[in-house]
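Q: Pasting a structure below so you can have a look.
The values are calculated or read from the model by the stated rules, or taken from the named source; none is laboratory data. In this text, all values refer to a predicted model and were calculated from it rather than measured experimentally. Neighbour counts are summed over all protein chains in view; Cβ atoms, including those assigned to glycine, are modelled from backbone coordinates with ideal geometry. For accessibility, only protein heavy atoms count, side chains too; no ligands or nucleic acids. Shrake-Rupley method; radii C 1.70, N 1.55, O 1.52, S 1.80 Å.
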Amino acid sequence: MLDHLTLQQKLSMVFTVDGGGTVGATPIPPGGLGSAGYLKSPTGLPALQIADAGLGLRNPSHIRPDGQAVELPSGLAIASTWSTDTARQGGSMIGGEAWHQGFNVLLAGGANLTRDPRGGRNFEYAGEDPLLTGKIVGATISGIQSQNVISTLKHYAMNDLETSRMTLSADIDNAAMRESDLLAFEIAVETGHPGAVMCAYNRVNDIYACENPYLLTTVLKDDWKYPGFVMSDWGGTRSSFRAALAGLDQESAGDSTDTRQYFRDILPRDVQQGRVPISRVDDMARRIIRSMYAVGLVDHPHEIAPLDVAHDMLVSQQTEEKGAVLLKNQSNLLPLDRKARIAVIGGHADVGILSGGGSTQVDPIGAPPEGVVKGPGKKEWPGDPVYFPSSPLAFMREEAPSAHITFDSGTNITQAIEAAQKADVAVVFVTQYTFEGSDAPNSMRLDGNQDALVAAVAHANPHTVVVMETGDPILMPWLPDVGAVLEAWYPGSAGGHAIARLLYGTVAPSGHLPMTFPAAAAQLAHPDIAGDGADTVFQMQFRSDQEVIYDEGSEVGYRWFDRNHAQPLFPFGYGLTYTTFQNDGLHLVQCRHNIIATFTVRNTGSRAGIDVPQIYVRLPDGGGRRLAGWNTVTLAPGESKGISVPLDPRILARFDAKQGRWNVASGHYTIWLASSSGDNSDSKSFKIDGFHISH
Ligand code: BGC
């Protein structure tokens, strides 16, 4: 194909235009459908219809009249399932919706590590661990691409904060980056084979990610042998030949988001004057065309069809049912008794559930684009929080039709107390709205007066359940006084239904935290976010060009807590269910580079459940413990199973940046068979024979 294209045609492929609606209601380009980006390909190749789809197919600025879609629960909820099958199913759902609406490139697959629990986009990502993130995001990507739609792994790399995201430099040594953020991307690439990778806005070690030769060429294309193309984030291209030579293959929506149209207006001159060799332009075009063929865009062009809403809602609901995390359940307060009188309070639970803001936001099905709750009247990007029309209250009434279930909005604490006093159980819904472009301004607190509301209700009724719809971990000053806590994250389009079924035990919660819940900001590697607190979201993103020095290196999240012997509120990996498990018999077998942990899991409770046994390791030279593998096991009451979990050797290794290889040292490794990163009940020391892994 490449041989048939002229230089001009090849150059036409490296610059996409705004698909309409990205920056306000800009017009849809001829041939476009209305989305983030559009490329009119040379004859014989399909046009690229590029749409956001972090969690569902987005309709920017509501530009398509029929642009509604089903949204999955947040990335943190998907990661909380620890199930690559569930992630793949979710990806396949959004890929299918896209394909039936004519889109063939999805900006989906966020693999940034949630280095800071206040990160504004944490809800889009898969948590703080490179192995879990890589596997989950890779599976989502492979689900999307199973529908002949390219998925774009993003934001490569170190775009772990929103504050000053357009300017800041994330500084970290290369070895530590390879063992943390880049390892997540590496595993996502090898698991999901994404057709495209999106480079990030920020600088990494001073050089903008979209013109960073170390990231784009040395690591991605040379070490990982990545055959696909690199596209810039919207507004992320900042040069022509520097970016092209560093490895950027396509400038995204350059007409509306970049200060100059680098790859359209300047690159042709750079090629003509020899600053960029023609072979590089060939490579750019070849990579784009290769992905079109590899993912099936050419052989399986889309067929327009209505969405299968019932099916897609079920996928979203099942994801939430597996991803909600039961954090506390004193005296088995949950599941709820179907005859109990319940006071549902707060969180707009009478009408719907919250979603996160920004480019993952979809237009809800069955409601106006702004959702079912009006206000509070935020004018600038990304607008007011959108609540989907899936009411937990309505579905709770369906689950328990003969129960007396009341609703109080929670705005007046005195009235909420009265409602709680008249009920057997109070269920308080609380929310924390987070969004792209700004880190959580309230520093791990719930919005508004919700902490006071929960404390007052818990005081009035000892049987208080808290359901949290949050984008991030939060502090829970009222935790000792409540009976049960369910972290529902942003629960997706069918979230109300899922929550009701979890509360009544129609399904048992089985999620496990993909992030540490800190007990205080002082415990964090970076207690303050530098530059936080600007007046507008726009200013916030360009706040300053400071450097964030990640001198904690790869000791992210629970690894940092472990190294510092800090006690979190809830550890990474933690989650309860309605039964109990007993795991033992940990053994390790090594056959050259293959290291496998074996053990037995047993359901010791009285109902079926899903267990997530986790294997952590501490390297002979110390540092925080690391997740090296896990399994998700469904067990009937009394049932036991023998399990083997292969350990990823890169987790047992240090990266040698000079030699460009992983070194697993010979020595004694501490290995935990655990229910979370904070579980010390079963650990053993095993001798491992060292080896190297080169690319
Ligand atoms: C976001 C990307 C998104 C793109 C297109 C950017 O601001 O960072 O995640 O895909 O916009 O909407």
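Q: From (1) over 30 Å from the mean Cα position of the chain (by Cα); (2) within 21 Å of Asn449 (Cα to Cα), pick out the condition that doesn't hold for Ile405.
A: (2)
Q: Looking at region 276-297, which of its residues are surrounded by fewer than 16 Cβ atoms within 10 Å (Cβ to Cβ), over 28 Å from the mean Cα position of the chain (by Cα) and over 11 Å from Leu2 (Cα atoms)?
A: First, the residues of region 276-297 that are surrounded by fewer than 16 Cβ atoms within 10 Å (Cβ to Cβ): 277-279, 282, 293-294.
Subset that is over 28 Å from the mean Cα position of the chain (by Cα): 277-279, 282.
Scanning region 276-297 gives Pro277, Ile278, Ser279.
Q: Only strands (runs of 3 or more DSSP E) wholly contained in region 617-695 count here; list those with 2 or more residues that are closer than 23 Å to Asp222 by Cβ and in contact with a helix residue (DSSP H, G or I) (Cβ under 8 Å, 6 or more places away or on another chain).
A: So the answer is 654-656, 661-664, 691-694.
Q: Right, here's the next one. Among the residues of region 496-531, write down those that are out of contact with any Gly (no Cβ under 7 Å at 6 or more places or on another chain), assigned to a helix (DSSP H, G or I), open to solvent by less than 30 Å² (accessible area, probe 1.4 Å) and over 27 Å from Leu168 (Cβ atoms).
A: Ala498, Ile499, Ala500, Leu502, Leu503
Q: Would you confirm whether any residue within region 56-71 is open to solvent by 10 Å² or more (accessible area, probe 1.4 Å) and within 13 Å of the chain's Cα centre (by Cα)?
A: Looking through region 56-71, none of the residues is open to solvent by 10 Å² or more (accessible area, probe 1.4 Å) and within 13 Å of the chain's Cα centre (by Cα).
Q: Could you tell me which numbered condition Leu314 fails, if it satisfies all but one of (1) under 26 Å from Phe538 (Cα atoms); (2) open to solvent by 70 Å² or more (accessible area, probe 1.4 Å)?
A: (1)
Q: Looking for whichever is out of contact with any strand residue (DSSP E or B) (no Cβ under 7 Å at 6 or more places or on another chain), among the polar types (S, T, N, Q), open to solvent by 10 Å² or more (accessible area, probe 1.4 Å) and at pLDDT 95 or above here; the options are Thr140, Thr114, Thr167, Thr133. Which one fits?
A: Answer to the check: Thr140.
Q: Here is a follow-up. Among the residues in region 531-540, are any of a type outside the set (Phe, Trp, Tyr), modelled with pLDDT of 95 or more and farther than 27 Å from Ala419 by Cβ?
A: The answer is no, given that none of the residues of region 531-540 is of a type outside the set (Phe, Trp, Tyr), modelled with pLDDT of 95 or more and farther than 27 Å from Ala419 by Cβ.
Q: In region 371-392, how many residues are surrounded by fewer than 24 Cβ atoms within 10 Å (Cβ to Cβ) and either over 16 Å from Tyr490 (Cα atoms) or touching a helix residue (DSSP H, G or I) at 6+ places or on another chain (Cβ under 8 Å) (or both)?
A: Total satisfying the criteria: 10.
Q: Quick one: which helices (runs of 4 or more DSSP H) lie wholly within region 241-309 and hold at least 3 residues that are under 25 Å from Ala69 (Cβ atoms)?
A: Output list reads 278-295.
Q: Would you please name the residue that is nearest to the ligand (Cβ to nearest atom), looking only at residues in region 6-27 that are at pLDDT below 95, surrounded by fewer than 18 Cβ atoms within 10 Å (Cβ to Cβ) and not small (Gly, Ala, Ser)?
A: This residue is Val23.
Q: Considering only residues that are within 25 Å of Gly127 (Cα to Cα) and over 29 Å from the mean Cα position of the chain (by Cα), look in region 670-695 and name the one that is surrounded by the fewest Cβ atoms within 10 Å (Cβ to Cβ).
A: Looking at residues that are within 25 Å of Gly127 (Cα to Cα) and over 29 Å from the mean Cα position of the chain (by Cα), I get Ser681.
Q: Restricting to region 626-645, name every residue that is of a type in the set (D, E, K, R) and open to solvent by less than 10 Å² (accessible area, probe 1.4 Å). First the steps, then the outcome.
A: Of all residues in region 626-645, those of a type in the set (D, E, K, R) come to 626, 639, 641.
If the condition is that a residue be of a type in the set (D, E, K, R) and open to solvent by less than 10 Å² (accessible area, probe 1.4 Å), then Arg626 is the only one that fits.
Q: Related question: Which numbered condition in (1) open to solvent by 50 Å² or more (accessible area, probe 1.4 Å); (2) in contact (Cβ under 8 Å) with a residue 12 or more places away in the chain; (3) more than 16 Å from the ligand (Cβ to nearest atom); (4) within 30 Å of Lys154 (Cα to Cα) is the only one that Lys422 fails?
A: Evaluating Lys422 over (1) open to solvent by 50 Å² or more (accessible area, probe 1.4 Å); (2) in contact (Cβ under 8 Å) with a residue 12 or more places away in the chain; (3) more than 16 Å from the ligand (Cβ to nearest atom); (4) within 30 Å of Lys154 (Cα to Cα) leaves (4) as the failure.
Q: Going through region 573-592 one residue at a time, which ones are in contact with a Phe, Trp or Tyr (Cβ under 6 Å, 6 or more places away or on another chain) and surrounded by fewer than 19 Cβ atoms within 10 Å (Cβ to Cβ)?
A: Once the filter is applied, which keeps residues that are in contact with a Phe, Trp or Tyr (Cβ under 6 Å, 6 or more places away or on another chain) and surrounded by fewer than 19 Cβ atoms within 10 Å (Cβ to Cβ), region 573-592 yields only Gly585.
Q: Here's another thing I want to ask about it. Pick from Tyr558, Tyr550: which is within 23 Å of the chain's Cα centre (by Cα) and either closer than 18 Å to Ile345 by Cα or buried (at least 24 other Cβ atoms within 10 Å of the Cβ) (or both)?
A: Answer to the check: Tyr558.
Q: State all residues of region 248-274 that are touching an Asp or Glu at 6+ places or on another chain (Cβ under 8 Å), within 16 Å of the ligand (Cβ to nearest atom) and open to solvent by 10 Å² or more (accessible area, probe 1.4 Å); if no residue qualifies, say none.
A: Within region 248-274, Asp255, Ser256, Thr257, Asp258 meet the criteria.
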